[in-house]
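> Below: one structure in structure tokens.
The values are calculated or read from the model by the stated rules, or taken from the named source; none is laboratory data. As the structure is a computational prediction, the values presented were derived from the model and not from experiment. Quick reminder, even Gly has a Cβ in these numbers, built from the backbone with ideal geometry, and neighbours come from all protein chains shown. Accessible surface is based on the protein model in full, side chains and every heavy atom, while ligands, DNA and RNA are left aside. Shrake-Rupley method; radii C 1.70, N 1.55, O 1.52, S 1.80 Å.
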Amino acid sequence: MILVSQLVFFTCIWITLMPNASVVAEIKTPRPRCSSSMEQTRKQETRMRKEDSTKVWPLKYKQILHIEDHDFAMRPGFGGSPVPVGIDIQVESIDSISEVDMDFTMTFYLRHYWKDERLAFPSKTNKSMTFDHRLIKKIWVPDIFFVHSKRSFIHDTTVENIMLRVHPDGNVLFSVRITVSAMCFMDFSRFPLDTQNCSLELESYAYNEEDLMLYWKHGNKSLNTDEHISLSQFFVEEFSASSGFAFYSSTGWYNRLFINFVLRRHIFFFVLQTYFPAMLMVMLSWVSFWIDRRAVPARVSLGITTVLTMSTILSGVSASLPQVSYVKAVDVYLWVSSLFVFLSVIEYAAVNYLTTVEERRRFKQTGKISRMYSIEATQAMAFDGCYRDSKTDMDQTSFSLHSEEEALQARCVSNLSADSPRIKRRKSLGGQVGRVILENNHVIDTYSRILFPTVYITFNLFYWSIYV
């Protein structure tokens, strides 16, 4: 009985200890089958990742372009020969030309071409990769700026208009859409019959010719323009590309590229707004030569009106141009026209003065002028617009002392008899011009009717032949 109980006790202990021993054995004993299956699974996943490259490349562009493996703060080939950077430009529009500010505004596509071997990547199809503005800050790009520019900006609607294209061999295309306002040194000596030569200059800001070489990518064909480019006041005659060097005493020589264009001004607008009104005012001032010299209010008001109108035209033209210190072509024409208008006023002042002096002299010679008639003669000269010969006036005075009826008859006879001595005097003008002017200063108006138009027409012939 005792033996049976001991046997049962040892059996229970053995049953209890056997599972723990098997677990320890399993832990100590390696399982080659399980580890080999795990390695096969990992190899299959790696092979699948390599085959499905379309899902991996967009997430690993930094590794493909090796951006993190290089210092892009330095230019390509640092310490060696200068990096060549080709430029070509597509001009989209010339937005405005300002004569007052002496500048122009242009919108264009600026494209840079260079090679950076640090961006080379393997490719079986030899296809390039295109990126937007987000990659620009992580790689090296040329630091092109515009000389003499006042303001500029990169278009950002709907996103920044920047494109970067990288080829497998490391060639890079960098394109950006820019609007620039730059100075144009204009010469207004022939305005508005002028032709302006403007240029936009490109240059590297930090890299001189020892580090960076700027050049036109396709020579003269590197500058392209749209066919629909047009301006309200100018006609674009020519676009051309050129290159040169710029020297700065502190930093050295730099490559510089030039975008040259020639602008020819349309003259028709200024003919309608400036030249034609000035001609009309000059011709209007000649009307006073056909108005009787006794009509003082009519001739004076006409002269003052034309002078003020010419002053208005001059001030309007000056307000639309910069205040330059040299004479412009339009200034020559307007000031000469103003001089003709002013001389027509001076001409009548001379006629009126000489008429008054001559009549006073004749009145003193007769010695038969009463105070009453003196007042009436002065009023008549100012207001009634009738010409009177001095001898007839004397006869009229004597008749007016007797009766009013005889004075009226004498006035009618004097108007008829005044023509015959005038015709005789005109026929005897040869060699006696001075005497005729003293005897009858009406001849000054006669000569002015011919002299003023002749001189003005001659001036116009010389002006348009020189400036056009």
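> Hey, with R₀ at 30 Å, roughly what FRET efficiency would LEU272 and TYR109 work out to, going by the Cβ-Cβ distance, to 0.05? Show your work: numbers first, answer last.
On the way: r = 37 Å, r/R0 = 1.25.
My answer for the efficiency is 0.20.
> Turning to a different aspect of this structure: For region 161-205 and region 309-327, what is the separation of their Cα centres, given in Å?
Region 161-205 and region 309-327 have Cα centres separated by 32 Å.
> Determine the relative contact order of region 83-265: mean sequence separation of Cα pairs under 8 Å and six or more apart, normalised by residue count, in whole percent. It would help to have the intermediate numbers written out before the result.
On the way: 413 pairs, mean separation 48.2, N = 183.
Taking the mean separation of contacting Cα pairs over the length of region 83-265, I get 26 percent.
> Suppose accessible area is computed on protein heavy atoms with a 1.4 Å probe; arrange THR225, THR158 from highest to lowest. Don't skip to the answer; put the middle values down first.
Working: THR225 55, THR158 130 Å².
Per-residue accessible area, sorted high to low, gives THR158, THR225.
> Separate question: Rounded to whole Hz and in sequence order, give me ³J(HN,Hα) for region 92-109 from the Karplus expression 6.51 cos²θ - 1.76 cosθ + 1.60, θ = phi - 60°, writing x for Gly and Pro.
8, 6, 9, 6, 7, 10, 10, 6, 5, 8, 6, 8, 9, 10, 9, 10, 7, 9
> May I pose another question? For THR312 paired with ASN161, estimate the spin-label separation in nm (one decimal), with each label point 7 Å from Cα along the Cα-to-Cβ line.
Here the modelled spin labels are 4.4 nm apart.
> Loop-only chymotrypsin sites (Phe, Trp or Tyr not before Pro) in region 193-222, please: DSSP not H, G, I, E or B, and at most 13 other Cβ atoms within 10 Å.
Values: sites: TYR205, TYR207, TYR215, TRP216; in loops: TYR205, TYR207.
Sites meeting the loop and neighbour criteria: TYR205.
> Could you calculate the contour length gain from TYR447 to THR305, that is, 0.36 nm times the residue separation minus the distance between their Cα atoms, to one decimal place in nm? The partial results should precede the final answer.
On the way: separation 142, 0.36 × 142 = 51.12 nm, distance 2.29 nm.
That works out to 48.8 nm of additional length.
> Further question: Evaluate E = 1/(1 + (r/R0)^6) for ASP292 and TRP253, where r is the Cβ-Cβ distance and R0 equals 56 Å; express this FRET efficiency to the nearest 0.05. Could the numbers behind the result be given before it?
Numbers: r = 78 Å, r/R0 = 1.39.
The formula returns an efficiency of 0.10 here.
> Given R₀ = 35 Å, FRET efficiency for PHE131-THR179 by Cβ-Cβ distance, to 0.05? Don't skip to the end; give the middle numbers.
On the way: r = 23 Å, r/R0 = 0.66.
About 0.95, to the nearest 0.05.
> Let me ask something else about it. With a cut-off of at most 14 other beta carbons within 10 Å, and DSSP calling the residue loop, which GluC sites (Glu not before Pro) in region 175-239 qualify? Please list them. Working shown, then result.
Numbers: sites: GLU201, GLU203, GLU209, GLU210, GLU227, GLU237, GLU238; in loops: GLU209, GLU210, GLU227.
Answer by residue number: GLU210, GLU227.
> A further question follows. About the Cα centre, and with charges only on the beta carbon of Lys, Arg (+1) and Asp, Glu (-1), how big is the dipole of region 83-265? Nearest 20 debye, please. Walk me through the numbers before you get to the answer.
Working: 18 positive and 24 negative charges, 135 e Å.
The dipole magnitude comes to about 640 debye.
> Taking the Cα-to-Cβ direction at HIS148 and at SER81 and moving 7 Å from each Cα, how far apart do the two end points lie in nm?
3.3 nm
> Hey, could you grab the Kirkwood Rh for region 83-265? Inverse mean 1/r over distinct alpha carbon pairs, Å, one decimal. Present the calculation step by step, with values, prior to reporting the outcome.
Values: mean 1/r = 0.0560 Å⁻¹.
Computed over Cα pairs of region 83-265, the Kirkwood hydrodynamic radius comes out at 17.9 Å.
> I want to make sure I understand the PRE zone here: with the label point 7 angstrom from the Cα of ASP226 toward its beta carbon, which residues in region 148-181 have backbone N atoms less than 20 Å away?
Counting only backbone N, you get 152-163, 175-181.
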